[in-house]
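Just below is one structure, and these are the notes that go with it.
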Amino acid sequence: MKMPLSYDERFEPNPVVATHKGYADVLALVTSSGPWSPAAFAGVDIAAMFNAHVTGCYIDPSLRSLAGIDDEPTVMALLMDAGRVERDDYDSFAAFARSRGVRHVSWENTQVAPAKTMRALGAWHDLIVLERDLAEASRMIDVLGEALLTCRAPCLVLPPRWDKPIEFKRMVIGWNGSIESIRAIHAALPLAALAEQVVILKDGALALENEGRQLPFDPVAYLRSHGVRVGEKPLYASPINSGRALLRAAMRQSADCLVMGAYGHARVRERILGGATRHILQNAEIPILLQH
């Protein structure tokens, strides 16, 4: 009689499963072309890692701090010679991308706010790369919060004035058992497969809070089944201080990327409690991959 597989055997790395195809389409929200903005560099370089298609999308400064409900095109946007601007910018962006090893390139000029732009283009992109200071500081949380909640695509958010090569050697993943954090781990899988070290920071109160509430998901076993070398460390923090604790722990691990679910609680509760998403969006000095 054939014996059932043990838990460990079921989740041993499998050569077929471990061969992950990576990202096919990367979207970079470009804020300048002379020189190219950090999101343009990062988006192109990630596309080069996976031989992927990259779309550059320019968002005019007059639109960057608008929420979705305020996204009527400005007079200047309506007066733009869209055909000429898009052709010129496409040629420039294509030359830039190809100089960094990307062969498949598209270009878009948006005339709506970031949230609607990301929701529309995110429908056919695997990853969106953007800068935290895309919107002015006083509007950043509202604009990026709305975009993260509505775009339905994983977003790699770069710190302000990011000028370093994009690397994923040491990845830290915040794990609290939420659906959002499961989605974030799945979205980060292509990058985790490139990492030399992946550490999961597990909420120390997770077992008590989530017992019996949802089907089990073991992030360590899942990542190992895809050939990722991963370890796990507990993280003990109150809900109010979870963002600060997660960021500090990531820095202690010398992480060059932090992965986490975005807005696991209602936006109102996040705002009242100063939630983890809000704190990390405001303070992270490394790229963060967020998924709602």
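The values are calculated or read from the model by the stated rules, or taken from the named source; none is laboratory data. This one's a predicted model, so the numbers in the text were calculated from it and none came from an experiment. Glycine gets a Cβ as well: all are built from the backbone with ideal geometry, and neighbour counts include every protein chain shown.
A few remarks follow.
- Selection within segment 32-59 - of a type in the set (S, T, N, Q), at pLDDT 95 or above and surrounded by fewer than 22 Cβ atoms within 10 Å (Cβ to Cβ): Asn51
- Unique match (being outside any strand (DSSP E or B) and surrounded by 20 or more Cβ atoms within 10 Å (Cβ to Cβ)) among Ile173, Ile185: Ile185
- The set of residues from segment 242-256 being at negative phi and surrounded by fewer than 15 Cβ atoms within 10 Å (Cβ to Cβ) comprises Arg248, Met251, Arg252.
- The residue of segment 146-167 that is modelled with the highest pLDDT, among those that are surrounded by 23 or more Cβ atoms within 10 Å (Cβ to Cβ) and outside any strand (DSSP E or B), is Pro154.
- Residues that are more than 25 Å from Glu285 (Cα to Cα) and touching a strand residue (DSSP E or B) at 6+ places or on another chain (Cβ under 7 Å) were ranked within segment 99-116; the one that is surrounded by the most Cβ atoms within 10 Å (Cβ to Cβ) is Val102.
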